[in-house]
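Values quoted throughout were computed directly from the atomic coordinates according to the rules given, and no laboratory measurement underlies them. None of the values given here were measured: they were computed from a predicted structure. Every residue, glycine among them, receives a Cβ derived from its backbone with ideal geometry; neighbour counts consider all protein chains shown.
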Amino acid sequence: MHAASGIPDFPQPGGEFAPAAGENGVIRRVLTAVAVFAVLVGASALLGAAAGFAWIAVAPRALLVATGGGGADVVNSETSAFIAADGWFVVLSILGGAACGLLGWALAVRRHGAVAMLGLLAGGVAAALAARSVGQHAGLAAFGRRLAASRPGTLLREPLSLGGHGAIAFWPLAAGLVAGGIEAAGLLRDRRLAAAGRLRPALAPAEPARHDRADGW
């Protein structure tokens, strides 16, 4: 207690604990951002692996003829199977990226903003790489064993191989366009509503002035 004023010297409420509480809040936000980013990347990669199996199911593969000794040649050197396989990869990437963009916006981007958008884009890259890896490596060992054991003249289907590596960009591009497009449309709508709200009072007709008279007339 101060002798001069007689006012007791109480500690400031929250003064001792405010810095610690602020640090805990920052840590929670950082951990939340890391968790959102990791979940988006992991979920996208799983969907990309599923797209890789779908790529195996739908994409055509070139026909090979075994030459013996583990070698093989393409039966038709002008086959369009390689181009068609890349085309199917692009189609599946666009569909998968659009699905990731829609779900990612609904579950994460509209709540967590830029961090979730970055996770969605990074997840798109991870998904495309996972799809390519699964499509190119699933069944590759079995094909190698069949080729090694095949006699000359045996026909085999070549494993998938992505020729244009630029196709990997379609998944994150589709995800970003869908999520970013929905977010941009929402911002434009909010701006139009806000502008309409500001204009409505200005355009409303003015009320007639009231004159109060003491005599009642």
So if I place +1 on the C-beta of Lys and Arg and -1 on the C-beta of Asp and Glu, and nothing else carries charge, what would the dipole magnitude of the stretch 39-186 be about its Cα centre? I want it in debye, nearest 20.
360 debye
Exposure-ranked with fewest Cβ neighbours within 10 Å first, Asp73, Asp86 stand as Asp73, Asp86
Provide the gained length on full extension for the span His137 to Asp190, in nm with one decimal, where the gain is 0.36 nm per separating residue minus the Cα-Cα distance.
14.3 nm
So how far, in whole Å, is the C-alpha centre of the stretch 38-76 from the one of the stretch 152-178?
8 Å
Quick check on the exposure proxy: order Leu95, Leu155, Leu40, Leu121 from fewest to most C-beta atoms within 10 angstrom.
Leu155, Leu95, Leu121, Leu40
